[in-house]
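Read through the structure below, which is laid out as structure tokens, and then see the notes.
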Amino acid sequence: QVQLKEFGGGLVQPGGSLTVSCVASDRTFVDYAMAWYRQAPGTEREFVAAINFIGSNTYYSDSVQGRFTVSRENFDNTMFLQMNDLKTEDTGRYYCALGSNREHWRSVDEIADWGQGTQVTVAS
């Protein structure tokens with residue numbers, strides 16, 4: 001089973017930018033859509049962004065549309081989430097997960113094998 005690991009979290013001021021990455025352990029990665037999710041303290045995990053297997057289609061939650069950009073580099077088994085104009089409400093632990101097939105991501109309830117995630121804190 002492919003293992004996913006998230007990197008790149010940190011502390012950033014409101015209005016700042018940060019890029020987090022997700023690295024897959026094997027080439028299974030290239031045959032699946034991928035998605036980012038996040039969970040803030042005291043809230044449920046939520047979908048953030050997704051990308052299909054070749055990176056030609058992307059999808060965003062309303063709360064991040066226009067500020068976040070998801071991309072992938074299949075050569076390196078890596079997916080990225082570039083986050084611009086960060087807001088305090090973007091604070092949370094960010095997780096990545098494999099989709100259900102080449103075009104579709106999974107809902108939070110469909111995923112049991114979460115990784116450790118990476119913490120993003122937006123604060124002044």
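The values are calculated or read from the model by the stated rules, or taken from the named source; none is laboratory data. Just so it is clear, the structure is predicted and the values come from calculations on it, not from any experiment. All Cβ positions, glycine included, derive from the backbone under ideal geometry; neighbour counts span all protein chains shown. Surface accessibility is based on the protein's heavy atoms, side chains included, excluding ligands, DNA and RNA. Shrake-Rupley method; radii C 1.70, N 1.55, O 1.52, S 1.80 Å.
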What does the accessible area per residue of the chain come to in Å², with a 1.4 Å probe and no ligands, DNA or RNA counted? 51
Taking protein heavy atoms only, a 1.4 Å probe, and rounding to whole percent, the accessible area of the chain owed to carbon and sulfur comes out at 47
Got a number for the accessible area of Y59? Probe 1.4 Å, square angstrom, nearest 10. 70
At 4 °C and a viscosity of 1.567 mPa s, what translational diffusion coefficient does Stokes-Einstein give for the chain, taking Rh as the Kirkwood radius over Cα pairs? Give it in µm²/s as a whole number. 91
Return an integer: the convex hull volume of the alpha-carbon atoms of segment 31-82, in Å³ per residue. 84
Per GNM of the chain with C-alpha springs under 10 angstrom, the most fluctuating residue out of T19, T43, T88 is T43
Would you mind putting 103-111, 115-123, 76-84 in packing order, based on average other-beta-carbon counts within 10 Å, highest first? 76-84, 115-123, 103-111
Using alpha carbon centers only, segment 38-53 is separated from segment 58-116 by a whole-angstrom value of 7
